[in-house]
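The values are calculated or read from the model by the stated rules, or taken from the named source; none is laboratory data. In this text the structure is predicted, and so the values were computed from the model without any measurement. Counting neighbours? That spans all protein chains shown, and the Cβs are built from the backbone with ideal geometry, glycine included. For the accessible areas, the whole protein counts, side chains as well, though only heavy atoms, and no ligand, DNA or RNA atoms are used. Shrake-Rupley method; radii C 1.70, N 1.55, O 1.52, S 1.80 Å.
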Amino acid sequence: MEDIGPCICGRLRRTSRALTRLYDEALAPVGLTVTQFSVTRTLARMETPTLVELAEATAHEKSALWRILQPLVKAGWIATAAETGTRAQRLSVTPAGLEKLTDALPHWRAAQAKVSATLGDREAALIALLKEVETHV
């Protein structure tokens, strides 16, 4: 087979899986995955969004996001409330969920520091490049 060079998507996916493992291991003591942490953190910054609004903010498909949220709702960290006159539900982080985020933050920061140390002065450039790819693809 002809050598066509590295696949950018494949490389990013492998890197994403490695980073996910690192953050998930760091967050394991507080019972969150990095995906749950990120979604909850985004939700905490928003004012009672609908599932659709949160999906747009986190770049998730609605059904995938709902699967991510289910254990958080069952744990009492995220609340849902029916929106009057529609089928939509408003989402919010409960006080227990905010406490969980507070507990998770030092663990997340430790993982973040490890990645930042690896990237060094290239971190800001990488973030800018990833944002550019995200908006132009």
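Can you spot a residue in region 51-71 that is modelled with pLDDT of 95 or more, under 23 Å from K131 (Cβ atoms), among the β-branched types (V, I, T) and in contact with a His (Cβ under 8 Å, 6 or more places away or on another chain)?
yes
Please count how many residues of region 71-119 are of a type in the set (S, T, N, Q) and under 18 Å from Y23 (Cβ atoms).
Summing the residues that are of a type in the set (S, T, N, Q) and under 18 Å from Y23 (Cβ atoms) in region 71-119 gives 4.
Of all residues in region 122-133 being open to solvent by 80 Å² or more (accessible area, probe 1.4 Å) and of a type outside the set (A, V, I, L, M), which is farthest from R13 (Cα to Cα)?
R122
Assuming R122 fulfils every condition listed in (1) among the charged types (D, E, K, R); (2) touching a residue at least 40 places away in the same chain (Cβ under 8 Å); (3) out of contact with any strand residue (DSSP E or B) (no Cβ under 7 Å at 6 or more places or on another chain) apart from one, which condition is it?
In the conditions (1) among the charged types (D, E, K, R); (2) touching a residue at least 40 places away in the same chain (Cβ under 8 Å); (3) out of contact with any strand residue (DSSP E or B) (no Cβ under 7 Å at 6 or more places or on another chain), R122 misses (2) alone.
When the residues of region 107-121 are filtered to those that are surrounded by 11 or more Cβ atoms within 10 Å (Cβ to Cβ) and of a type outside the set (G, A, S), which remaining residue is nearest to P29 (Cα to Cα)?
H107
Rundown of residues vs (1) under 20 Å from A113 (Cα atoms); (2) touching a residue at least 40 places away in the same chain (Cβ under 8 Å); (3) of a type in the set (F, W, Y), yes/no style:
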residue	(1), (2), (3)
L19	yes, yes, no
L22	yes, yes, no
T35	yes, no, no
T40	no, yes, no
L43	no, yes, no
V52	no, no, no
A55	no, no, no
T58	no, no, no
